[in-house]
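Take a look at the structure below.
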Amino acid sequence: MTALRSASPMLVTLPTGANEFDSGRIGPGGTYTYQFTIAGRYQYRSIANAGIDMVGTILAVER
């Protein structure tokens with residue numbers, strides 16, 4: 001998954017002040033961890049399916 005604006009400026013949206021993130025390719029059974037420090041809606045692009053724009057949304061809330 002990638003939330004790099006330069007990779008997909010039309011698909012990636014982040015809350016104001018949030019850092020971009022990018023998992024790189026994750027192999028079978030692999031994991032990726034990212035800690036959100038700003039609450040809000042994060043829309044990212046799947047990079048596993050080249051040529052197919054798949055997006056996901058994470059809603060980070062304050063505890």
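The values are calculated or read from the model by the stated rules, or taken from the named source; none is laboratory data. Just so it is clear, the model here is predicted, and its values are computed rather than measured. Cβ sites come from the backbone with ideal geometry, for glycine too, and all protein chains shown count toward neighbours.
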- Determine whether ILE58 is of a type in the set (Val, Ile, Thr), out of contact with any Asp or Glu (no Cβ under 6 Å at 6 or more places or on another chain) and surrounded by 10 or more Cβ atoms within 10 Å (Cβ to Cβ). yes
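Condition check ((1) in contact with a Gly (Cβ under 8 Å, 6 or more places away or on another chain); (2) of a type in the set (A, V, I, L, M, F, W, C); (3) assigned to a loop (DSSP other than H, G, I, E, B)) across all residues:
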| site | (1), (2), (3) |
| --- | --- |
| ALA7 | no, yes, yes |
| GLY17 | no, no, yes |
| ARG25 | no, no, yes |
| TYR34 | no, no, yes |
| GLN43 | yes, no, no |
| ASP53 | no, no, yes |
| ARG63 | no, no, yes |
- Item | segment 1-45, residues that are of a type in the set (Gly, Ala, Ser) and either modelled with pLDDT of 90 or more or buried (at least 16 other Cβ atoms within 10 Å of the Cβ) (or both) | ALA3, SER8, GLY17, ALA18, SER23, GLY29, GLY30, ALA39, GLY40
- Note on the structure: Matching residues in segment 33-63 (in contact (Cβ under 8 Å) with a residue 24 or more places away in the chain and touching a Phe, Trp or Tyr at 6+ places or on another chain (Cβ under 9 Å)) number 6
